[in-house]
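**Student:** Take a look at this one; I'll ask things after.
The values are calculated or read from the model by the stated rules, or taken from the named source; none is laboratory data. Just so it is clear, the model here is predicted, and its values are computed rather than measured. Cβ placement follows ideal geometry from the backbone for every residue including glycine, while neighbour counts extend to all protein chains displayed. The protein model used for the area step is the full one, side chains on, heavy atoms only, and it has no ligands, DNA or RNA in it. Shrake-Rupley method; radii C 1.70, N 1.55, O 1.52, S 1.80 Å.
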Amino acid sequence: MRALPPKSFMKRLLPVILVWGMWVVPQAAPAAELDPKVAQWLGAQTNIQSWSADFIQTRSLKSLAEPLTATGHVWFAAPNRFRWELGRPAQTIAVRAKDELLIIYPRLKRVEKIPLTGDQTGPWRDALALLEAGFPRSAAELEAQYNILSQQTKDDTGQVAMQPKSAAARRMMPRILIEFSTRDFSLQATELHFADGSVLRNDFRRPALNPSIDPAMFSPSIPADYKVVEPLQKR
């Protein structure tokens, strides 16, 4: 029997899963189905082969009077590679390798390896399915995976609020908010609302469209003195 990872671990990974999906959208949804600006945003993603940006991550918890903030940088390359570095210097690094996800903690000299294949079931399998599939590639896929809760544009910003159709995924994260520019249709922010009332927001700054990225960024070498653990391993 596979052990499910703790909720805190799942929350660390879900922002990576969702934000990876926010830009890999090669087709526009019909205006009849979505707000015209949302459809334009979807259609604008067709030429994206790589992307990078600085980000500010804000986590709001009911137990804390003030939110927690951190900065970092993110890189993406089509079709399914990404690297997140949270903190400067990086305290957490998340890399999507060929058949696995690596969560690296340099200060702790620790690596968590999560397979992207296998027979996991339940909420964790649903989360991995989002990672493997990326964001919906058509209006039909969007409707198959998400319920659209609201759509609006104000000034130069568009917003789409969504809810996963999967009941298991919805129990972890009932609401996802995407913000994008209505001028150049670049991704501005994502906001994840968790079932316990906590909120995690990523605001992106200084994005680079289609930069040249060294493939080695997505195949990090693990130092020999790092401890490697597998949270989903059989027990």
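**Student:** With a 1.4 Å probe and every protein chain left in place, tell me how much accessible area Arg88 has, in Å² to the nearest 10.
**Tutor:** 150 Å²
**Student:** Still on this structure, I have one more. Using a 7 Å offset from the Cα along the Cα-to-Cβ direction at both Ala195 and Gln152, what is the distance between the two label points in nm, to one decimal?
**Tutor:** With each label point 7 Å from Cα toward Cβ, the separation is 2.8 nm.
**Student:** Separate question: Report, by chain and number, residues whose modeled amide H sits under 5 Å from the one on Ser186, excluding near sequence neighbours (fewer than 5 apart, same chain).
**Tutor:** Placed amide hydrogens put Ser181 under 5 Å from Ser186.
**Student:** Compute the normalised compactness of segment 156-223: alpha-carbon radius of gyration over 2.2 N^0.38 Å, N being the residue count.
**Tutor:** Working: Rg = 16.0 Å, N = 68, 2.2 N^0.38 = 10.9 Å.
In units of the globular-protein estimate, segment 156-223 measures up at 1.47.
**Student:** Then there's this: Cα-Cα over 30 Å: which of Lys37/Lys165; Lys37/Lys62; Lys62/Lys227; Lys62/Lys165; Lys98/Lys165; Lys62/Lys154? Let's see the in-between values first.
**Tutor:** Values: Lys37/Lys165 23 Å; Lys37/Lys62 34 Å; Lys62/Lys227 33 Å; Lys62/Lys165 26 Å; Lys98/Lys165 27 Å; Lys62/Lys154 28 Å.
Distance filter (> 30 Å) returns Lys37/Lys62; Lys62/Lys227.
**Student:** Taking a probe of 1.4 angstrom, what is the accessible area of Ser166 in Å², to the nearest 10?
**Tutor:** So the heavy atoms of Ser166 present about 40 Å² to solvent.
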